[in-house]
Amino acid sequence: MSDAIDDPTGEIEYRLRTLCDEIAREAGDFAHRARRDLGPGARAAHQTKSSAVDPVTEFDRSTEALVVDRLRRERPDDSIVGEEGANHSGTSGYEWHVDPIDGTVNFVYDLPGWCCSIAVLRDGEPVAGAVYAPVVGELYSAGRGHGATLNDVPIGVSGATELATSLAATGFSYHLDGHRLRQAARIARVLPTVRDIRRQGSAALDLAYVASGRVDLYFEEFISSWDIAAGVLLVAEAGGIVTSFDGSDVDVTAPMGVLAATPALHTETLAGITD
Ligand code: LIP
């Protein structure tokens, strides 16, 4: 039976957040064990997807299968969209967006900056989300209207007010033609205006770092719903501002570029990243 869409006590969304946290941790730990078994620094075998530099490992697929299995058992009437092909239509009005390993290049190279990102949406808006980075043992969690936490401790954006001393984060497309040149030109515009730019390799972690005040702003285009759905909620619940590159609301299900920032820096950054 599908949940009543009306959730007056918030009990449904509370349970959904708990489920996000549990499954993200279980899936992330599963992937972490697999990575450790490969041995330190061993390059994980992989195929390619959208381009020669867009990897997918057997562990992306098996971790997504673990998440989908849990969700199908716990929430059989919900829809599911996964980066590695999961696509279930439901009747409940809730839709899960899953990136089993966000930061796959880092996973392949045995760099620590990867995570499992899981979010559940209602009417296209995230209501609960979790980003779990198993290598560093960090679980970021948010529930709509209930704030955001890192390992159960409340988090908030940095409150920075000076762009010139801000720490920014960004990422780059797997499509080398055109996209990368445009992104390089954007970096050339932004780099002289900020303290520095970090390229972590995971959109979900970049957004989690904005939410926890570890970076002041993050911008990226050519990303997907599963990369950002949980992180967008983290930033919003942590007091940040999240928009598209033109300042409009982000359509989490089909993002056209995301700018997430501590409030005082959002407008000024928007001017710099707009082509
Ligand atoms: C990655 C994103 C990252 C982006 C990479 C890639 P994946 O997702 O999280 O922000 O810069 O190009 O799209 O492929 O590791 O799930």
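Odds and ends about this structure:
- Residue match in segment 263-272 (condition: of a type in the set (Ser, Thr, Tyr) and either modelled with pLDDT of 95 or more or within 15 Å of the ligand (Cβ to nearest atom) (or both)): no
- Qualifying residue in segment 126-140 (condition: touching a His at 6+ places or on another chain (Cβ under 7 Å) and either more than 16 Å from the ligand (Cβ to nearest atom) or closer than 20 Å to Asp206 by Cβ (or both)): yes
- Count of residues meeting criterion [closer than 20 Å to Ala230 by Cβ and either among the acidic types (Asp, Glu) or at pLDDT below 95 (or both)] in segment 15-55: 4
- Restricted to strands (runs of 3 or more DSSP E) entirely inside segment 97-159, no element has at least 2 residues that are outside the structural domain of Val68 (by TED's automatic domain parsing).
- Qualifying residue in segment 47-56 (condition: of a type in the set (Val, Ile, Thr), within 19 Å of Tyr174 (Cβ to Cβ), surrounded by fewer than 18 Cβ atoms within 10 Å (Cβ to Cβ) and within 16 Å of the ligand (Cβ to nearest atom)): yes
- For Ala203, the test of being buried (at least 22 other Cβ atoms within 10 Å of the Cβ) and closer than 22 Å to His146 by Cβ is failed.
- Residue in segment 146-159 that is more than 30 Å from Glu95 (Cα to Cα) and more than 14 Å from the ligand (Cβ to nearest atom) present: yes
- Number of the exception - Gly178 against (1) away from the ligand (no atom under 14 Å from the Cβ); (2) touching a residue at least 24 places away in the same chain (Cβ under 8 Å): (2)
- Listed conditions (1) within 15 Å of the ligand (Cβ to nearest atom); (2) not in a loop (DSSP other than H, G, I, E, B) are all met by Pro192, apart from (1).
- Number of the condition not met by Asp227 [criteria: (1) over 12 Å from the mean Cα position of the chain (by Cα); (2) under 22 Å from Asp54 (Cα atoms)]: (1)
- When Asp69 is tested against (1) touching a Ser or Thr at 6+ places or on another chain (Cβ under 7 Å); (2) in a helix (DSSP H, G or I), exactly one condition is not met: (1).
- For segment 206-249, the candidate set comprises residues that are aliphatic (A, V, I, L, M), crowded, with 24+ Cβ neighbours inside 10 Å and in a loop (DSSP other than H, G, I, E, B); within that set, the residue that is nearest to the ligand (Cβ to nearest atom) is Val215.
- In the set (1) out of contact with any His (no Cβ under 8 Å at 6 or more places or on another chain); (2) more than 19 Å from Pro126 (Cα to Cα); (3) hydrophobic (A, V, I, L, M, F, W, C), Leu233 fails one condition alone, (2).
- For segment 165-198, the tally of residues that are touching a helix residue (DSSP H, G or I) at 6+ places or on another chain (Cβ under 9 Å), among the polar types (S, T, N, Q) and loosely packed, with under 15 Cβ neighbours inside 10 Å stands at 1.
- Only one entry in Val215, Val235 is over 22 Å from Asp275 (Cβ atoms) and touching a residue at least 60 places away in the same chain (Cβ under 8 Å), namely Val235.
- In segment 89-102 there is no residue matching the filter, namely being without any contact (Cβ under 8 Å) to a residue 24 or more places away in the chain, surrounded by 17 or more Cβ atoms within 10 Å (Cβ to Cβ), within 22 Å of Gly143 (Cβ to Cβ) and among the hydrophobic types (A, V, I, L, M, F, W, C).
The values are calculated or read from the model by the stated rules, or taken from the named source; none is laboratory data. Computed from a prediction, not measured in an experiment: that's the story for all the values here. All Cβ positions, glycine included, derive from the backbone under ideal geometry; neighbour counts span all protein chains shown.
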